[in-house]
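Everything on this sheet refers to the single structure shown next.
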Amino acid sequence: MAIDYGEKRVGLAITDPLGIISQPFLTIEIKSQKELIKRLKFIIQENTVGLILVGNPLSHNGQATKMSRKIAVFVDELKKAVSVDVQLWDERFTSKYAVNTLKDVGLKKKGSKIDQIAASLMLEEYIKSQSSNRV
């Protein structure tokens, strides 16, 4: 599962059961971090998630940003709450690609869909990186 963490919303993406295809899944409005983690725990259990990627929005030169520092705190809390491996993943430009993807298919910019698509693009990048490591 991939998480595109934002100030107001969190976009989620999951893979098919074989872990081959990434798909947008859900957008969660953030009311509190505690409530978000509670919902994520339920989703993880219901979908037998084995790995969680959390997008890390680094700057163009790879440096930490204000948001990436907030995400690091969220990741620490999530790791304490779940027994699944949680990893940060470089998500530079995924939101921009998500907007372009929506434009390409003729849809208007919709916040919740952008978050899901950004998470899906991130998860797709991860899947590709893992398949390129196979012999």
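The values are calculated or read from the model by the stated rules, or taken from the named source; none is laboratory data. Small disclaimer: the values here were computed from a predicted structure and weren't measured. Note: ideal-geometry Cβ built from the backbone for every residue, glycine included; neighbour counts use all protein chains shown.
Kindly indicate which of ILE37, ILE3 is under 13 Å from the mean Cα position of the chain (by Cα), of a type in the set (Val, Ile, Thr) and surrounded by 15 or more Cβ atoms within 10 Å (Cβ to Cβ).
Going through ILE37, ILE3 in turn, just one is under 13 Å from the mean Cα position of the chain (by Cα), of a type in the set (Val, Ile, Thr) and surrounded by 15 or more Cβ atoms within 10 Å (Cβ to Cβ): ILE3.
Scan segment 52-72 and give yes if some residue there is at pLDDT below 80 and within 18 Å of ALA2 (Cα to Cα), otherwise no.
The answer is no, given that none of the residues of segment 52-72 is at pLDDT below 80 and within 18 Å of ALA2 (Cα to Cα).
Which of the following residues is outside any helix (DSSP H, G or I) and out of contact with any helix residue (DSSP H, G or I) (no Cβ under 9 Å at 6 or more places or on another chain): LEU26, LEU18, LEU12?
Being outside any helix (DSSP H, G or I) and out of contact with any helix residue (DSSP H, G or I) (no Cβ under 9 Å at 6 or more places or on another chain) holds for just one of LEU26, LEU18, LEU12, which is LEU18.
Name the one entry in VAL49, VAL73 that is in contact (Cβ under 8 Å) with a residue 12 or more places away in the chain and either within 14 Å of the chain's Cα centre (by Cα) or over 20 Å from THR15 (Cα atoms) (or both).
Residue meeting the stated conditions: VAL49.
For segment 70-91, give me each residue that is within 17 Å of GLN116 (Cα to Cα) and part of a loop (DSSP other than H, G, I, E, B).
Passing the criteria: only GLU91.
Looking only at segment 52-69, how many residues end up being surrounded by 15 or more Cβ atoms within 10 Å (Cβ to Cβ) and either aliphatic (A, V, I, L, M) or in a helix (DSSP H, G or I) (or both)?
6
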